[in-house]
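Data first, discussion second: the structure below is written as structure tokens.
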Amino acid sequence: MKLYAARDKNTGKLVSNITSPGHKFWQRQGDCENAIKNYNHYNRNYKKYDLELVVFELVEVKEMAEQK
């Protein structure tokens, strides 16, 4: 499974407030791309971020208690 996020190229930090507060990850790549595109369009005169798409691949990790 993959998750998609927007990262500021200048700081290397993930951005969470380009669509709604607290929304940091998307399950579909197209949704994340649209969020970045809309941010760049509507904030073109006073952009705070230089955004790029980041892809995370999820791997299930078993709890420490289960490993004992």
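The values are calculated or read from the model by the stated rules, or taken from the named source; none is laboratory data. Please read all numbers here as calculations on a predicted model, not as lab measurements. Note: ideal-geometry Cβ built from the backbone for every residue, glycine included; neighbour counts use all protein chains shown. Heads up: the accessible areas ignore ligands, DNA and RNA and are worked out on the full protein's heavy atoms, side chains in. Shrake-Rupley method; radii C 1.70, N 1.55, O 1.52, S 1.80 Å.
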- Counting only protein heavy atoms and leaving out ligands, DNA and RNA, the solvent-accessible surface of R44 at a 1.4 Å probe, in Å² to the nearest 10, equals 150 Å²
- Which percent of the accessible heavy-atom area of the chain goes to carbon and sulfur, probe 1.4 angstrom? 46 percent
- Query: Where the only charges are on Cβ atoms (+1 Lys, Arg; -1 Asp, Glu), what is the dipole of the chain about its Cα centre, to the nearest 20 debye?
  - Reply: 300 debye
- Hey, what do the phi angles of the range 50-64 turn into as Karplus ³J(HN,Hα) couplings, whole Hz, using 6.51/-1.76/1.60 and θ = phi - 60°, x for Gly and Pro? 10, 8, 9, 7, 10, 10, 10, 9, 8, 10, 6, 10, 6, 5, 4
- Net lengthening on full extension, L3/H23 (0.36 nm per residue, minus Cα-Cα): 6.0 nm
- Message: Let's test this: bin the Cα-Cα distances of the chain at 5 Å from zero up to the farthest pair and state each bin's percent.
- Response: 3, 16, 24, 22, 12, 7, 6, 5, 3, 1, 0, 0
- Determine which lysines satisfy two conditions relative to K47: a Cα distance under 28 Å, and not lying fewer than 8 residues away in the same chain. K2, K9, K13, K24, K37
- Message: With θ taken as phi - 60° and the coefficients 6.51, -1.76 and 1.60, list the Karplus ³J(HN,Hα) couplings across the range 11-18 in order, rounded to whole Hz; mark glycine and proline as x.
- Response: 9, x, 9, 6, 9, 10, 10, 8
- Using the heavy atoms of the protein chains and a 1.4 angstrom probe, tell me the accessible area per residue for the chain in square angstrom. 81 Å²
- Might you work out the accessible area of M1 for me, using a 1.4 Å probe with all protein chains in place, and round it to the nearest 10 Å²? 140 Å²
